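Laboratory data are not the source of any read-out in this text; all were calculated from the coordinates shown. The structure displayed is predicted, hence computed values, not measured ones. Glycine also receives a Cβ, built like all others from the backbone with ideal geometry; neighbour counts cover every protein chain displayed.
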Amino acid sequence: MNAVTMMTRDERHSLARTVLEGLAIGDAFGELYAYGFENVRQRVAQGVPAGPWWWTDDTAMALGVIECLERNGKIEEEMLAWIFSRNYKREPDRGYGKGARQILQMIGGGESWEKAARSAFGGGSMGNGAAMRVAPLGAWFADDLSVVVTQAMKSARVTHWHPEGIAGAIAVAVATACAWQTRALPAAEAREVIGSEVLRLTPEGDTREGLKAAMQVEPMLSPAVAGRRLGNGALVTAPDTVPYVIWSALRSLDDYAGALIATVEGGGDCDTNGAMVGGILAARLGLDTIPKEWLEAREALPPLVA
Ligand SMILES: [Mg+2]
């Protein structure tokens, strides 16, 4: 890959916020069409409903990641745990999973994040929750993939101690950063670069094995079939979610709306799949390619701490 110029702080802010928008719209779109996902294409063609399209825990936690970065310039686990737990207390009904609720309640009750995260599921969570919120972090550090990897790991383990939970976050963060780095390349070339960098930097394990399999799945295959082959997030684990998401993002790199529709068509964890694909694509495409009515229909985001 060509050398990447170092980003200014303003560029980091701006790209991370763009990616947050893409993530939040993907989250809300996936949530909106999760019920009856098989018919999402026809339903969207008939006209999308007026807003608000509610965003869920994926966006709530991504807001937490970006707040930590804006306050601190990098991930500091203690601070991130505090922000997550504060946001959860404010809005506990955003659709957090059972495991996340337990961890955030422990942290809110004064337990250390490390003890809470380690104890979950008897060895740490391998859920897709660290990957679902990480795209803005990939954007923030998009000029340096080695920093993306270490920062994604730190952001993940606050709630996802298990190596697979962390691997999923690394894969999505790297994909987001690479989507920005390769934005000037035609989609076919960008797809090759993003795919190989994600494989190079994701640690060994089931998530990485799934990613290897995803690279072998033809882009023209239907999302439903690909989802059955790779897992579509129905198990809400990183290995069951992230390979499908990366496959789906890479096959539609120049089409935000088309990527979201296809991703949801594959079923599974629709809001989380949408959040990840939406974040990755916004890094390449910016906000201009997102349908205006989608942008306007999504529930507003709260102001971020500058
Ligand atoms: Mg959600």
With Cβ to Cβ distances under 11 Å as the rule, what net charge do the other residues near Gly279 carry (K, R +1; D, E -1)? -1
Could you give me the ³J(HN,Hα) list for segment 262-267, computed from phi with Karplus coefficients 6.51, -1.76, 1.60 and θ = phi - 60°, whole Hz, x at Gly and Pro? 5, 4, 5, 4, x, x
Report the residues of segment 83-125 in range of a label on Trp54: point 7 Å along Cα→C-beta, backbone N strictly under 18 Å from it. 87-98, 101
Can you count the Lys pairs in segment 9-297 whose Cα atoms are under 19 Å apart, with each pair 8 or more apart or on different chains? 4
Charge context of Met126, other residues only, Cβ under 10 angstrom, K/R +1, D/E -1: -3
A correct Karplus calculation of ³J(HN,Hα) over segment 218-224, with 6.51 cos²θ - 1.76 cosθ + 1.60, θ = phi - 60°, whole Hz and x for Gly and Pro, returns 4, x, 7, 4, 6, x, 5
Which one, Ala131, Gly165, Gln181, projects farthest toward the positive side of the charge dipole computed for segment 9-297 from Cβ point charges (K/R +1, D/E -1)? Gly165
Mind listing the long-range amide H neighbours of Arg298? Cut-off is under 5 Å, sequence gap 5 or more, other chains count too, H placed in the peptide plane at 1.01 Å from N. Trp53
What fraction, in whole percent, of alpha-carbon pairs in the chain exceed 28 Å separation? 29
Contact order relative to length for the chain, counting C-alpha pairs under 8 Å separated by 6 or more residues, stands in percent at 28
What ranking do Asp288, Asp255 get, fewest neighbouring Cβ atoms within 10 angstrom at the top? Asp288, Asp255
Normalised contact order of segment 151-301, rounded percent, pairs of Cα under 8 Å and 6 or more residues apart: 23
Sequence of Lys212, Lys154, Lys98 once ranked by neighbouring C-beta atoms within 10 Å, starting from the fewest: Lys98, Lys212, Lys154
Residue-wise, which Karplus ³J(HN,Hα) couplings in Hz belong to segment 63-71, taking 6.51 cos²θ - 1.76 cosθ + 1.60, θ = phi - 60°, and x for glycine or proline? 4, x, 4, 6, 4, 4, 5, 6, 6
Where does the charge balance sit around Thr8 when Lys and Arg score +1, Asp and Glu -1, over other residues with C-beta under 14 Å from its C-beta? -2
Starting from 0.36 nm per residue, how many nanometres of slack lie between Ser119 and Glu296 once their C-alpha separation is accounted for? 59.6 nm
Determine the gain in length on full extension of the stretch Asn39-Met220; use 0.36 nm per residue of separation and subtract their C-alpha separation, reporting nm with one decimal. 63.3 nm
